[in-house]
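All remarks here apply to the structure that follows.
The values are calculated or read from the model by the stated rules, or taken from the named source; none is laboratory data. Keep in mind that this is a model prediction, so the values were computed, not measured. Every residue, glycine as well, gets a Cβ built from its backbone with ideal geometry; the counts of neighbours run over all protein chains shown. Just the protein is used for accessible areas: all its heavy atoms, side chains included, with ligands, DNA and RNA removed. Shrake-Rupley method; radii C 1.70, N 1.55, O 1.52, S 1.80 Å.
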Amino acid sequence: MGKARSLESVVVLTGAGISAESGLPTFSGDGGLWEKYRVEDVASPRAFARDPLLVQRFYNTRRRRLLASDVRPNPAHIALADFEQRFDGDFILVTQNIDHLHEQAGSAEVVHMHGELLKKRCQNCGRISEVKRDISIDQVCDCCGERGTLRPHVVWFGEMPLEMDRIHQALRKCDVFLSVGTSGNVYPAAGFVEIVNASGGHSVEINLQPSAVQSSFSQKLYGPAGETLPQFLQQLHVSTA
Ligand code: BV8
């Protein structure tokens, strides 16, 4: 057994599973978004060019659901925010989710690698701004005045995820990598564990069931994140005290 590395740096990756107990649908699995929509119809630049109304409706429906009063952070989001506040090492939370539940729970260092549902971007002038209402296909950009150029500020399939250099740097130096609530089907996020393993970090998968990349993880905990994650983070915190 090699010398145990002290705990100086933690990277957390979250997926749709961490928001499931807050009432937001996941993508795969029973009741998931991909049961109702085809990826290629609603989550790519080609889909948006082909049928902007369908794509805007897909995101407008999710945005309205996200802003409903009964959708709020669950114990898993809160445990992550608490850990970040108490941990005196380097901490970064990378999320594949486009909801804002991590921020609502109090997480400070949140990297939305796939963008944010509550932001819009103009394809003409590039301005990114908050959005809490539906985006219509003929809406005028209040920055450049162009009509019909506004899209959700999310990363579609075939588009480059955000802040990848910062994420890779953190993965290469972390002591613990914690992956929570993701099926491990979408890259490059699903490949992060390999970067950690190659750098000698300790990788942990916390999920409802084994993910597509479960064999790459050094440690695995299965069950609802609202139960498993608070317990795990409490032990992790004690180990650094
Ligand atoms: C890129 C934002 C390159 C939008 C998302 C062919 C053509 C083009 C690309 C590709 C291709 N083949 C492969 C690719 C790469 C592609 C990809 O990986 N495709 C897959 C389908 C094979 N990736 C990309 O295109 C990425 N970009 O590669 O760019 C490039 C290079 C140079 C220049 C330009 C580009 C971009 C991918 C990002 C797409 N956008 N989201 C939106 O939200 O609508 S992806 C979206 O789906 C999510 O963000 C997330 O990443 C993914 C869903 O995964 P999960 O979050 O894991 O959710 P899922 O439902 O699957 O699983 C939930 C898990 O939680 C389950 O395991 C379940 O058991 C668990 N769970 C449930 N409840 C609980 C729980 N766990 C704990 N507690 C619970 N209570």
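Meeting the requirement of 1 or more residues that are of a type in the set (Gly, Ala, Ser), away from the ligand (no atom under 16 Å from the Cβ) and without any contact (Cβ under 8 Å) to a residue 24 or more places away in the chain, the strands (runs of 3 or more DSSP E) wholly within region 103-145 are 128-130. Taking the criterion of being open to solvent by 60 Å² or more (accessible area, probe 1.4 Å) and out of contact with any strand residue (DSSP E or B) (no Cβ under 8 Å at 6 or more places or on another chain), the residues of region 106-128 that qualify are ALA108, ASN124. If you scan region 129-139, which residues turn out to be open to solvent by 50 Å² or more (accessible area, probe 1.4 Å) and either hydrophobic (A, V, I, L, M, F, W, C) or in contact with a His (Cβ under 9 Å, 6 or more places away or on another chain) (or both)? Hit for region 129-139 is ILE137, nothing else. Of all positions in region 202-216, at least one carries a residue that is of a type outside the set (S, T, N, Q), under 14 Å from VAL12 (Cα atoms), near the ligand (Cβ under 9 Å from one of its atoms) and in contact with a helix residue (DSSP H, G or I) (Cβ under 6 Å, 6 or more places away or on another chain). Checking each residue of region 76-85 against the condition of being open to solvent by less than 30 Å² (accessible area, probe 1.4 Å) and touching a Lys or Arg at 6+ places or on another chain (Cβ under 8 Å) gives no match.
For region 187-201, a tally of residues being within 10 Å of the ligand (Cβ to nearest atom) and of a type outside the set (Phe, Trp, Tyr) returns 4. None of VAL11, VAL39 is more than 9 Å from the ligand (Cβ to nearest atom) and in contact (Cβ under 8 Å) with a residue 60 or more places away in the chain except VAL11. Taken over region 70-102, the criterion of being part of a loop (DSSP other than H, G, I, E, B) and of a type in the set (A, V, I, L, M, F, W, C) is satisfied by VAL71, PHE87, ILE98. Among the residues of region 32-75, those identified as open to solvent by 60 Å² or more (accessible area, probe 1.4 Å) and either more than 18 Å from VAL154 (Cβ to Cβ) or small (Gly, Ala, Ser) (or both) are GLU35, ALA49, SER69, ASP70, ARG72, PRO75. Among the residues of region 140-151, the one identified as of a type in the set (Lys, Arg) and loosely packed, with under 14 Cβ neighbours inside 10 Å is ARG147. In contact with a helix residue (DSSP H, G or I) (Cβ under 8 Å, 6 or more places away or on another chain) and surrounded by 18 or more Cβ atoms within 10 Å (Cβ to Cβ): is that true of VAL154 in this structure? In short, yes. Any residue at all in region 30-46 that's among the polar types (S, T, N, Q) and touching a Leu at 6+ places or on another chain (Cβ under 7 Å)? Looking for residues that are among the polar types (S, T, N, Q) and touching a Leu at 6+ places or on another chain (Cβ under 7 Å), one finds none in region 30-46, hence no.
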